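*Asks:* Here it is, the structure, as structure tokens.
Just so it is clear, none of the values below were taken in a lab; they were calculated from the coordinates. Owing to the predicted nature of the structure, the values given are computational and were not obtained by experimental measurement. Here Cβ is always computed from backbone atoms with ideal geometry, including for glycine, and neighbour counts include all displayed protein chains.
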Amino acid sequence: MARFTLPRDLYYGRGTLSELKNLKGKKAVIVLGGSSMKKGGFLDRAQQYLKEAGIEVKLFEGVEPDPSTTTVEKGAAFMREFQPDLIISIGGGSPIDAAKAMWIFYEHPDAKWSEIEKPFNIPELRSKARFIAIPSTSGTATEVTAFSVITDYTANPPIKYPLADFNITPDIGILDPDLTDTMPKDLTAFTGMDALTHATEAYVSTANSPFTDPLAIKAIQMIFKQLIPSYESADKKAREEMHYAQCLAGQAFSNALLGITHSMAHKTGAVYHIPHGCANAIYLPYVIEYNAKNAEKRYADIARALQLKGSTDAELVKSYIQAIKDLNKKFQIPLSLKDYNYKGQVVKEADFEKNNALISERAVGDACTGSNPRPITPKEMEKLFDAIYFGKDVNF
């Protein structure tokens with residue numbers, strides 16, 4: 001039996017943040033990351049709408065990028081004290097992911113990380129609260145997905161856990177493009193490439209279906225049309241379309257699952273602090289080369305949908321790989337891990353060699369690996385990482 005799950009309601013369009021005033025409830029916790037939602041006036045507006053709805057509000061602020069197990073546990077304790085019947089998160093993927101995990105521990109205080117990190121092993125939710133997600137970035141699509149990524153910094157080296165269960169699919173998603181207009185260029189590029197990776201991996205996943213394929217293909221087409229103007233000129237129409245495209249990609253991958261691009265990004269992101277979308281962008285061309293032995297036709301389908309050049313499936317796959325690399329060049333994203341340098345962060349060769357075996361083993365064990373179209377062993381993963389680090393062809 002297969003399953004296709006989405007939020008009960010999705011509201012989209014400029015100004016749809018105002019849907020908050022139509023919520024039914026008594027108490028709401030708003031989970032936030034940094035200060036961007038305050039600076040943009042969106043937090044004030046959200047609080048006013050909730051006040052109009054007669055809902056008492058408390059804030060849980062300061063969720064960090066790559067949210068930690070510690071932050072999640074603090075947020076859950078905060079909720080247990082306040083007893084909200086609505087959990088609302090506004091911001092990027094980090095606060096929304098963190099709020100999803102807080103929700104679990106709010107409703108199930110005795111839950112264990114060792115249990116909920118197992119795919120589709122989260123206990124039933126909604127006995128205490130409903131969940132509303134309002135994204136301010138156009139990439140993670142966590143507002144429609146059954147996923148949350150949390151980092152355990154107590155591990156050595158740190159490790160990211162992708163929690164996966166339809167129970168944490170939000171009840172309501174609000175897609176208000178107004179929140180995305182001030183995204184900086186680097187974040188626009190990284191989140192856009194994250195969305196492209198979501199759609200690509202969903203389309204070639206072993207769990208793809210007639211329900212997810214159209215969503216993935218449409219998302220890819222929209223991203224290739226809208227991401228560059230969204231990046232170059234912050235064009236408002238392009239940003240609106242990108243906000244919808246990333247949501248389509250999220251609907252696809254939440255139900256079709258992902259692949260090893262994400263497995264690798266999760267595990268290296270925790271150790272080297274590479275922004276998730278940037279890591280996906282670097283890895284995706286190499287993963288396509290690796291997976292093409294098992295999924296050549298599916299990748300060629302994507303190239304055909306984009307009207308790329310090629311008379312054979314193999315030629316079309318090469319065209320798609322080159323198209324992704326061209327986007328990376330446009331967005332100043334490196335084509336190898338050795339050349340990565342973002343805000344002073346680099347991946348030194350000595351560190352890479354030291355960590356490759358452990359990271360590879362962790363990546364193979366990641367929840368996203370099981371739906372990758374081509375199986376992979378830890379040793380093969382080491383070889384793939386080696387190719388990515390040094391910018392070599394994947395020929396195995």
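*Asks:* Nearest 10 degrees is fine. How inclined is helix 313-330 to the longest principal axis of the chain, computing both from alpha carbons?
*Replies:* For helix 313-330, the angle is close to 60 degrees.
*Asks:* Considering only Cα-Cα distances, which of the following residue pairs are longer than 18 Å: Lys74/Lys343; Lys74/Lys118; Lys21/Lys51; Lys225/Lys325; Lys267/Lys392; Lys160/Lys348?
*Replies:* Violating the 18 Å Cα-Cα cut-off are Lys74/Lys343; Lys74/Lys118; Lys267/Lys392; Lys160/Lys348.
*Asks:* Could you list which residues have their amide H under 5 Å from that of Thr151, counting only those 5 or more apart in sequence or on another chain, with H placed in the peptide plane?
*Replies:* Ser68, Thr69, Tyr161
*Asks:* OK, next. Could you compute the net charge surrounding Ala133? Neighbours are other residues with a C-beta less than 13 Å from the C-beta of Ala133; K and R count +1, D and E count -1.
*Replies:* Around Ala133, the charge tally is -3.
*Asks:* Order 89-100, 33-44 from most to least packed using the mean count of other Cβ atoms within 10 Å.
*Replies:* 89-100, 33-44
*Asks:* Cα gyration tensor of segment 9-180, axes a ≥ b ≥ c as square roots of the eigenvalues: rounded (a/c below 1.5), prolate (a/b > b/c) or oblate?
*Replies:* The shape class here is prolate.
*Asks:* Cα axis of helix 260-272 to longest principal axis of the chain: angle in degrees, 0 to 90, nearest 10?
*Replies:* Approximately 70 degrees, to the nearest 10.
*Asks:* Please report the net charge: other residues with Cβ closer than 10 Å to the Cβ of Ile168, K and R +1, D and E -1.
*Replies:* -1
*Asks:* Now a separate question. Report the calculated FRET efficiency for Lys329 and Glu81 (r = Cβ-Cβ distance, R0 = 35 Å), to the nearest 0.05.
*Replies:* 0.10
*Asks:* Have a look at the DSSP beta bridges in segment 9-180 and tell me what percent are antiparallel, nearest 5.
*Replies:* Given both bridge residues lie in segment 9-180, the antiparallel proportion sits at roughly 20 percent.
*Asks:* Still on this model: Just check segment 180-310 against the gyration tensor rule for me: Cα atoms, a ≥ b ≥ c as the square roots of the eigenvalues, rounded for a/c under 1.5, and otherwise prolate or oblate depending on whether a/b exceeds b/c.
*Replies:* Since a/c reaches 1.5 but b/c is at least a/b, the shape of segment 180-310 is classed as oblate.
*Asks:* Which of the three applies to the chain, rounded, prolate or oblate, going by the alpha-carbon gyration tensor with a ≥ b ≥ c and a/c under 1.5 meaning rounded?
*Replies:* Judged from the Cα gyration tensor, the chain comes out prolate (a/c at least 1.5, a/b above b/c).
*Asks:* Something else now. Measure nothing fancy, just the Cα-based angle from helix 185-204's long axis to the longest principal axis of the chain, in degrees from 0 to 90, nearest 10.
*Replies:* Relative to the chain, helix 185-204 is tipped by roughly 70 degrees.
*Asks:* Now for a different question. Compute the length gained on full extension between Gln322 and Lys21: take 0.36 nm times their separation in residues and subtract their Cα-Cα distance, giving the result in nm to one decimal.
*Replies:* The Gln322-Lys21 span can extend by a further 103.7 nm.
*Asks:* At Ser336 and Phe4, where each label point lies 7 Å from the Cα along Cα→Cβ, what is the point-to-point distance in nanometres?
*Replies:* Each label point is offset 7 Å from its Cα along the Cβ direction, giving 4.3 nm.
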